[in-house]
1. If we only count strands (runs of 3 or more DSSP E) wholly inside the stretch 129-170, which ones have 1 or more residues that are polar (S, T, N, Q) and within 15 Å of N185 (Cβ to Cβ)?
2. Quick one: in the stretch 196-218, of everything that is modelled with pLDDT under 95 and exposed (fewer than 15 other Cβ atoms within 10 Å of the Cβ), which residue is farthest from L159 (Cα to Cα)?
3. Cβ contacts < 8 Å: first residue free of Cβ contacts under 8 Å to residues at least 60 places away in the same chain and farther than 16 Å from L103 by Cβ, restricted to the stretch 130-155; second residue among the β-branched types (V, I, T) and in a strand (DSSP E or B), any location; separation 6+ or different chain. Result?
4. Picking from S251, S316, S273, which residue would you name as being buried (at least 22 other Cβ atoms within 10 Å of the Cβ), of a type outside the set (A, V, I, L, M) and under 26 Å from L359 (Cα atoms)?
5. Go through the stretch 231-270 and give me each residue that's of a type in the set (A, V, I, L, M) and not in a strand (DSSP E or B).
6. Specify which of the listed residues (S344, S384) is touching a Leu at 6+ places or on another chain (Cβ under 8 Å) and either closer than 25 Å to L274 by Cα or not in a loop (DSSP other than H, G, I, E, B) (or both).
7. In the stretch 296-317, is there at least one residue being charged (D, E, K, R) and in a strand (DSSP E or B)?
8. For the stretch 156-180, enumerate the residues that are over 18 Å from Q209 (Cβ atoms) and either in contact with a Pro (Cβ under 6 Å, 6 or more places away or on another chain) or free of Cβ contacts under 8 Å to residues at least 40 places away in the same chain (or both).
Amino acid sequence: MLKEHVSNLVTQNSRIVFLRRKALVDVLKVLSDTNPDFFQQYLRKIQDQKKQRIRRETWRQLEEIVGLKGHTSASNWFSRIASAVTELYLENNRIKGTLPQNLVFPNLAAFDLSSNNFQGPFPRWTTYATELHLYQNNFSGSLPPDIHVMMPRLKNIKLFHNSFTGEIPSSLCELTGLETLNLRNNRFSGQIPESLCVLPRLSVLLLNQNALEGKIPDTFQNCSGITHSHLGGNKLTGKLPWWLSKLSSLSMLRLQSNSFDGQIPDDLCSAPSLHILDLSENKLSGSVPKCICNLTAIVQGKSVDEYYEYQEIRDSINLSGNSIHGEIPVEILDLTYLRILNLSRNSVAGSIPGNISKLGHLETLDLSRNRFSGAIPQSLAAISSLHTLNLSYNKLEGSIPKQQNVVVN
């Protein structure tokens, strides 16, 4: 009787389906009047367990209660709930199988199927959902070219850590409300769609760790609202665009592990909101631009609502693994709030500035594998925040300043 009651609740009458700890408790509370002993016993059981374990086992628990045991692919179950459900949260379980295709969810506002074992193609579901979270599964194949027709109201798309292939469909540019596009760690190829930056609300663009090629489209200079752009780990080529400084809201620019060449453009120094700059592992040459002191966000320590994944590298400059030469410009010492500076594996020469202690918030300094010479500045000991120092494989002389809690290489 109990199984039948819950089954009806979840598959027919329920408009919100949660398989997370708090929400599973909410579902069970419905039963508290009809079967209080069972409810109290089950509530104590799940409250005693650790949260991580709960999130892994909730699907199994629902199988036992609702009677879905042996049907963990849940294909029929999705079909049964499609017409009524408004929110669908199944993340952080161990659900496996292929999702059914061509379902219509007329009332679905958001769904999260992330961190499971789903496989097969992208689900061709018709829905007005604004949130699409399919990350950390085993989905494969290409994205549908008519995604803007099936899901026209999407604001946040998170498909990272899957095995999607093919080109990024230009039809994504028809999603005029899109704010976040996270396709990192897949197998997308081809070029970045030129029309992607006609999206007026796009703020987070994460396309790193794919096989994208070609140049950064010039249309990107119209991305006035973009705050975080990560295009690293692809096969992008060409010169760094001069117009990057026009992106007045850009807080993070990561282009590492591509094949960009030429010099770092002086225009980049005029990006007013830039807190994270990563150009490492490219083919850049020339010297560190003296105008780098114009990165006012790092000079002034401007507050920023940083995208949570990248808080640990806020206020950082990484130019490692290029062919940069010349000397460290003294102007770099004006970056008062700089926390991480990595110039390793270049051909930078000359001496380390004696008054480097002006970088009073520096936590990591890596100048290894360059051509530095002269004495190691004793003023390094005055940087109380410094915890990682790598000066190896240079021609430096003298003793390393003694400071507690510093890892020295």
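The values are calculated or read from the model by the stated rules, or taken from the named source; none is laboratory data. Everything numeric in this text was worked out from a predicted model, so none of it was measured. Cβ placement follows ideal geometry from the backbone for every residue including glycine, while neighbour counts extend to all protein chains displayed.
1. In the stretch 129-170, 138-141, 163-167 are the strands (runs of 3 or more DSSP E) which contain 1 or more residues that are polar (S, T, N, Q) and within 15 Å of N185 (Cβ to Cβ).
2. This residue is D218.
3. Between residues of the stretch 130-155 that are free of Cβ contacts under 8 Å to residues at least 60 places away in the same chain and farther than 16 Å from L103 by Cβ and residues that are among the β-branched types (V, I, T) and in a strand (DSSP E or B), the close pairs are S140/T165; G141/T165; S142/T165; K155/T180.
4. After ruling out the rest, the residue left standing is S251.
5. Matches in the stretch 231-270: L231, L240, L244, L247, L250, L255, I264, L268.
6. S344
7. No - not one qualifying residue is present in the stretch 296-317.
8. N156, P169, S170, S171, L172, C173, E174, L175, T176, L178, E179
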